[in-house]
Amino acid sequence: MHTRLSVKKPRFLPGDIIKAFRGVYFHFGVYVGNGKVVHFCSTGANELDPHSADIQETTYARFSKGDTVTVDNMEMATYGREQIVQRARSMIGTKLGTYNLLSNNCEHFANWCRCGKLVSHQRTFVDALSNLMLTPGSTIRIMKDVAFNIFGKTEKEINDLYKNTKHI
């Protein structure tokens, strides 16, 4: 008996900025239609390897790697959907400079396609966290906010998780 893996057909529109949750970060791309995504990633095994990273058009399955994928149209679109797709495809095979996890990554590329700006909200979030003077109470509050905003957990669920966590 043969087992067949099935990948759900994407429910996105061409020009949508999509993101796949990789456990600790999101990987971004531009859905261009017909089950294809243009994204800035490595051709090697390590998606974050700057030496082999370039802009590629791949299948949705390769982009998602089985992870949860959602639409992220946070940045206001300067361009229409067709233009977003054209901008993404115009960069295939290039490096958009050199890949850099903090200053030139897949989110920067996707937002450039959508609005012409190299911006990363993940980077902004990390910068904001690093600028905070953390106390135990503020750390817990930040963790709760992150859990709520990223993982969709309610305050009660977060408090229950916290109560059941061994504190050092």
*When segment 20-35 is examined, which residues are found to be more than 15 Å from the chain's Cα centre (by Cα) and either modelled with pLDDT under 85 or farther than 17 Å from residue 93 by Cα (or both)?*
33, 34, 35
*Out of (1) open to solvent by 60 Å² or more (accessible area, probe 1.4 Å); (2) in contact with a Pro (Cβ under 9 Å, 6 or more places away or on another chain); (3) at pLDDT 80 or above, the odd one out for residue 117 is which?*
(2)
_Pairs where the first residue, in segment 94-115, is small (Gly, Ala, Ser) and the second is open to solvent by 30 Å² or more (accessible area, probe 1.4 Å) and assigned to a helix (DSSP H, G or I), C-beta under 9 Å, 6+ apart_ = 103/123
*Does residue 138 satisfy the condition of being at pLDDT below 80, out of contact with any Lys or Arg (no Cβ under 9 Å at 6 or more places or on another chain) and open to solvent by 60 Å² or more (accessible area, probe 1.4 Å)?*
no
_List pairs: first residue in segment 11-36 and over 21 Å from residue 117 (Cα atoms) and free of Cβ contacts under 8 Å to residues at least 40 places away in the same chain, second residue open to solvent by less than 40 Å² (accessible area, probe 1.4 Å) and part of a strand (DSSP E or B) anywhere in the structure, Cβ distance under 9 angstrom, at least six positions apart or on different chains._
36/58
*For residue 78, are the conditions met, namely being over 18 Å from residue 14 (Cβ atoms) and hydroxyl-bearing (Ser, Thr, Tyr)?*
no
*Please specify each residue of segment 36-67 satisfying the condition of being part of a loop (DSSP other than H, G, I, E, B) and modelled with pLDDT of 90 or more.*
65, 66, 67
*Which number in (1) modelled with pLDDT of 95 or more; (2) surrounded by 14 or more Cβ atoms within 10 Å (Cβ to Cβ); (3) outside any strand (DSSP E or B) marks the one condition that residue 77 misses?*
(1)
*Regarding residue 57, is this residue in contact with a Pro (Cβ under 9 Å, 6 or more places away or on another chain), open to solvent by 60 Å² or more (accessible area, probe 1.4 Å) and over 21 Å from residue 23 (Cβ atoms)?*
no
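The values are calculated or read from the model by the stated rules, or taken from the named source; none is laboratory data. What you see is a predicted model; the values in this text were computed from it and never measured. We place every Cβ from the backbone using ideal geometry, glycine too, and count neighbours over all the protein chains shown. Protein only, heavy atoms only, side chains kept; ligands, DNA and RNA dropped before computing areas. Shrake-Rupley method; radii C 1.70, N 1.55, O 1.52, S 1.80 Å.
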